Amino acid sequence: MQKALSRTLLVVYVGMLIWLVLFKLTFHISTILAHQHRTLNLIPFAAPSMVDGRMNYGEMVLNCLFFIPFGLLLSVNFKKVGFWPKLAVIGAFSFTAELIQYVFAIGVTDITDLLMNTLGGFIGLTLYSLSNRFVKDAPLDRFIFSMGILLFVLFIALHGSHFFLRHSV
């Protein structure tokens, strides 16, 4: 039962990542299509956004943070798969998302995003591996699963309240 639930959580998480990366958490595809522009940045860390005349590295940090659970959930669900193949899956997922953004002109295709997403997955895989040295699989997996459910509920509550507040005014 727990295995099915953890696989479901992984699928839901990947779906949310797709929604975040490709659709920028919007329910209206017309919003995405209205801002179509094809931009490609192949110079790593060359274009952090500017806010009030200062460099803002927040997007890079968020890209990394959003992919940490990917590494954790892959580790929970695919124990027999090695570290590097799981990291390759994360990198391929990120590359595919960036490629889709470019092909459909629905965002900025940026090598920095690919690097930071993959770094986040690397951190997640490493955290699981290091934690697993001190905590047995079952309790560690239950903790990750519980935190995943909690974070999912919090995300839905926060995003849902933002959605309803924005549309009720």
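The values are calculated or read from the model by the stated rules, or taken from the named source; none is laboratory data. No experiment lies behind these values; they were computed from the predicted model shown. Cβ atoms come from the backbone with ideal geometry, glycine included; neighbour counts cover every protein chain shown. For accessibility, only protein heavy atoms count, side chains too; no ligands or nucleic acids. Shrake-Rupley method; radii C 1.70, N 1.55, O 1.52, S 1.80 Å.
Points worth noting:
- Two-site label geometry, R7 and L158: point separation in nm, points 7 Å out along Cα→Cβ: 3.0 nm
- Solvent-accessible area per residue, Å², over the stretch 63-138 with all protein chains present [probe radius 1.4 Å]: 49 Å²
- Too-long pairs where the Cα-Cα distance tops 26 Å, listed order kept, from K3/K136; K3/K80; K3/K86; K24/K136: K24/K136
- Per-residue SASA remark: I111, around 40 Å² accessible (1.4 Å probe; ligands, DNA and RNA not included).
- Neighbours of L10 by Cβ distance under 14 Å: Lys/Arg scored +1, Asp/Glu scored -1, total +3.
- Projected label points at A92 and L151, each 7 Å from Cα along the beta carbon direction, are separated by 2.3 nanometres.
- For F45, distant residues with modelled amide H under 5 Å away: T112
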